[in-house]
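A.B. asks: If you scroll down you'll find the structure; I have some questions about it.
Read-outs: derived from the displayed coordinates by stated rules, not from any lab. Bear in mind that the values here come from a model prediction, so they are computed numbers and not experimental data. Neighbour counts run over all protein chains shown; Cβ positions are idealised from the backbone, glycine included.
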Amino acid sequence: MEDAEPIDTTASPADRALPAPTYEQYLEIHEEQLAAQRLSAIEAGRRKGGVAGAAMAGAMLVVSEIYEGPRKDDKPVTVEASSDPDDVDLDGIDVTVGEVDVSSPALPRVDPVVGRSRVTPPQV
């Protein structure tokens, strides 16, 4: 199995004009690199300990997969908004839901808590 080439992030300006790799392409490259690393570990075990070394290296890879659990296929989530969110703490809020008006004033400003001395418990 060939080692997958890592994606070059320092490409020339002409290469940067090409479309960026998709999430699936990044995932595929990562899985290829992971498979190559696993194969390398098993081959190193075989060189050092023969068939028993290869079996032990494979068993340790399986134990690590069991311990870490299944891979989560979470894709990055991007949310776009037409404006900045309202700061309810500074501005308060006035909303109408159906026929019900909901409002809340802005929170009062409070000075930060600094320079408190520690209270020591009484000695018994």
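A.B. asks: For the pair E43/S103, report the inter-label distance in nm, with labels modelled 7 Å from Cα in the Cβ direction.
C.D. replies: So the two model labels end up 7.4 nm from each other.
A.B. asks: For the stretch 38-75 and the stretch 88-124, what is the separation of their Cα centres, given in Å?
C.D. replies: 53
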